[in-house]
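No value in this document is a laboratory result; all are computed from the given coordinates. Keep in mind that this is a model prediction, so the values were computed, not measured. Methodologically, a virtual Cβ is constructed for each residue, glycine included, from the backbone with ideal geometry; neighbour enumeration extends over all protein chains shown.
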Amino acid sequence: MNFRKPKEIATPIELEGYEKSFLKLLLLRMLRAREFEEQLYYLFLTTQMPGTMHQATGQEAVAVGVASALNPDDYVTSTHRGHAHCIAKDVPLNLMMAEMFARRNGVCKGMGGSMHLCDFSRGMLGAFGIVGAGIPIATGAALSSIVRGTKQVAASFFGDGAINEGVFHESLNMAALWNLPVVYVIENNQYALSMPNDLVSAVSDLSSRGCSYGIPGKKIDGNNVTAVYEATKNAVEKARNGGGPTLLECITYRIRGHARFEPADYRNKEEVEQWKKFDPILRFRRALTEHSIFTEKDLKELDEQVEDEINAAIEFAEKGEKVGADDYLQYIYESPLEGFMK
Amino acid sequence: MTRKLSLSEAIREAMVQEMRRDSNIILMGEDVGRFNGAFSVSKGMLDEFGEKRVWDTPISEAGFMGIGIGAALTGLKPIIEFQYADFMFCAMDQIVNEAAKLRLMSGGQASVPVVMRAPQGATGRAAQHSQSVEAYFMHTPGLQIVMPSTPYDAKGLMTTALRKNDPVLMLEHKLLYGAASPGGGKALTDTTISDIGSDVPEEQYEIPFGSADVKREGTDVTIIATLMMVHRSLAAANELENQGISCEIIDPRSLVPLDEEKIFESIRKTNRVIVVSEDIMRGGVTAIISSLIMDKMFDYLDAPVRRVAADDTPIPFGPASEKKVIPQIEDIKTAINNVMKD
């Protein structure tokens, strides 16, 4: 098993031609995603949080780079590791946090939790806890946009593990066949739970998986937020103008374990340490100060702003009413069925 | 005004009339367009509605089911045809984990108005084209299941299904279609099929889900049956009339929701009941319905509830074996005689 070195993948972070406000937005979205999950981790440690969660620490540039290239009414499907995707799509932090706490004012009324976050008012069609399940659903949203003539684009996030599911192939085939406006994003964090790519994929170049369907595949430094943004922007423009689907492979790294307290000791320590140095937030901050776009002081202010936002979200969530025992009854069908057997 | 229609014509008329009224309805499935559907149900629909509303899909059940869900989440109402009910198992994840659960997981944000249609029942096609699948889906909260035994019921139930905001599964029996397969020569038939309910109004009408229908009035024993078993029960009842046994036949028409009251009303009159279904005995629909009756109607019963269902086996090819496995008129007569003796 040979691990992928970040040096082989890293590309320079380009900042030319961007509005300062846009770069700030990219950074804010990444910081929010990171801080949200760091606080969750603490809340789990202190057993204040029910359920489980999967952290995307180190993968924030993929979520933010992709979502920032979409319009607010474009569609996204996400995964069990979906907090960052939601945050990047501007799902309100308060509502997300309340959902984590299983409160009635949560974004899913406390019925979904970490693995099923969604916000239809922001095109966020769902985090799916079944690996690969969101891929055909995003494809269907793209088909729907064609039928309704709305020009909306759908982006589907999924991990390197999902490309071995049948629906990945079925969806790519139909999207290419029907020229659907969809962008497929392999968030290659290099591990499907414990299994590294090279033990589960017959080809090491995952972006080449599109070629069976005539879908162009592009490999990107997934820890470089502007590189992810540029690649997605091109793919989205192409899709919106009738050019069909694109497959993006964003190479990144899952700094933490698979879930909550999973130690990930199947990984080489040196590998983890190397990747920590290529942390997408660290790299972006460095680029921003090196290009004198922001000062250290500016960055510190942004850190504090985000910390305040997350603390406010926790406060909002804690004040929320807890889910009641009978709440679920109103969400099984549009109107409850007669003859509920109990 | 009414005319005689076959079951397949009645389903088609319901789909076509509602598609003319509601431009968000699309039809997807294998061979549904150019080939008119494997059982001719969608004959002429591609010509009338064009390729943006009638989608001939690849053989990718999980993929096109997921696409249907994505389309449903974003404003369309897809009708998904599975060529045989057995093929639904390829799409089980999308049906069970996504379509059925999304409303609850999203705290009521998501509606998944898909209408799935699938032909089932044993017709000499052996184990993988014969299964009756209703129990799998009755076990899936979030779905509603309708099963039309007559053309009249089929049109009304389909019209209602297309106006729901939740996933609906319509299970159709191949022997009841009354139409030739375009590739297969003459129509499947069975001499015991009654022509009840074949007068179908031209105009649209709805049959509410959860409204069982009395297919035959009687006083001595209640028979609860669906699809082909309604017709075999009618034949059995007609034969037993000469021996002085008066059978009442109740067709639930929808298994979810189930019209408990109409079933109980009949039992209060007859005090004896048999439940007949073409799905298997173990964990099957007859088990669910008979336990419900025992729970709620024990005081009204003069005899134990008797069940008639298929043997616990994959459907064998050999005609003599298939006939033994699937409930026949004689089996229903025996059960009636037994329940009368108890």
Q) Per the Kirkwood formula on distinct C-alpha pairs, the Rh of chain A is how many angstrom? A) 20.5
Q) For segment A:229-252 and segment B:15-73, what is the separation of their C-alpha centers, rounded to whole Å? A) 28
Q: Can you tell me what the convex hull of the Cα atoms of segment B:167-297 projects to on average, as an area in nm²?
A: 10.2
Q.
Taking the Cα centroid of segment A:47-69 and of segment B:112-155, what is the distance between the two, rounded to the nearest whole Å?
A. 40
Q: Output the direction-averaged projected area (hull surface divided by four) of the convex hull of the alpha-carbon atoms of segment A:185-342, in nm².
A: 16.8
Q. Going by how many other beta carbons lie within 10 Å of each one, how would you line up A:CYS118, B:CYS90, A:CYS211, fewest first?
A. A:CYS211, B:CYS90, A:CYS118
Q: Could you give me the radius of gyration and the Dmax of segment B:238-282, taking only the C-alpha atoms into account and expressing both in angstrom?
A: 12.5, 35
Q. How big is segment A:161-208 on each of its three principal axes, counting only the C-alpha atoms and giving the largest first in Å?
A. 35, 17, 16
Q: Show which aspartates and glutamates lie in cross-link reach of A:LYS276 when reach means a straight Cα distance below 14 angstrom and same-chain residues fewer than eight apart are skipped.
A: A:GLU60
Q: Among DSSP beta bridges whose residues both lie in chain B, state the antiparallel percentage, nearest 5.
A: 20
Q: Compute the Kirkwood hydrodynamic radius of segment B:2-201, taking the inverse of the mean of 1/r over all pairs of distinct Cα atoms, and give it in Å to one decimal.
A: 16.8
Q: Between A:LEU45, A:LEU31, A:LEU247, find the one with the highest GNM mean-square fluctuation for chain A; connect C-alpha pairs within less than 10 Å.
A: A:LEU45
Q. Where both residues lie in segment A:6-324, what percent of DSSP beta bridges are antiparallel, nearest 5?
A. 15
Q | Rg/Rh ratio calculated on Cα atoms of chain B (Kirkwood radius) | A | 0.96
Q. Over segment B:213-341, what relative contact order in percent results from Cα pairs under 8 Å that are six or more residues apart?
A. 28
**Q.** Set A:LYS238/B:LYS77; A:LYS89/A:LYS300; B:LYS4/B:LYS262; B:LYS155/B:LYS296; B:LYS52/B:LYS77 screened for pairs whose C-alpha atoms are more than 22 Å apart
**A.** A:LYS238/B:LYS77; A:LYS89/A:LYS300; B:LYS4/B:LYS262; B:LYS155/B:LYS296
**Q.** Straight-distance crosslink candidates among aspartates and glutamates, where the alpha carbon sits under 17 Å from A:LYS218 and sequence neighbours closer than 8 are dropped
**A.** A:GLU8, A:ASP160, A:GLU187, A:ASP205, A:GLU230, A:GLU237, A:GLU249
Q: Using only Cα atoms, find the angle between the long axis of helix B:260-270 and the longest principal axis of chain B, and express it within 0 to 90 degrees, rounded to the nearest 10.
A: 20
Q) Per residue and in Å³, how big is the convex hull formed by the alpha-carbon atoms of segment A:84-235? A) 123
Q: Round to a whole angstrom and tell me the spacing of the C-alpha centers of segment A:253-283 and segment A:184-216.
A: 19
Q. Over segment A:168-313, what is the percentage of antiparallel beta bridges among all DSSP beta bridges, to the nearest 5?
A. 15
Q: Could you estimate the translational diffusion coefficient of segment A:70-142 from the Stokes-Einstein equation, with Rh from the Kirkwood formula over C-alpha pairs, at 37 °C and 0.692 mPa s, in whole µm²/s?
A: 275
Q) Is it possible to state the helix-based mean residue ellipticity at 222 nm for the protein assembly as shown, with each DSSP H run of 4+ residues giving -39500 (n - 2.57), the sum divided by total residues, to the nearest 500 deg cm²/dmol? What is it? A) -11500 deg cm²/dmol
Q | Cα long-axis angle, helix B:151-161 against chain B (0 to 90 degrees, to the nearest 10) | A | 50
Q. Tell me, what is a quarter of the convex hull surface for the C-alpha atoms of segment A:9-142, in nm² with one decimal?
A. 9.1
Q: Could you bin all the Cα-Cα distances of the protein assembly as shown into 10 Å bins starting at 0 and give me the percent of pairs in each, rounded to whole numbers?
A: 3, 15, 23, 22, 16, 12, 7, 3, 1, 0
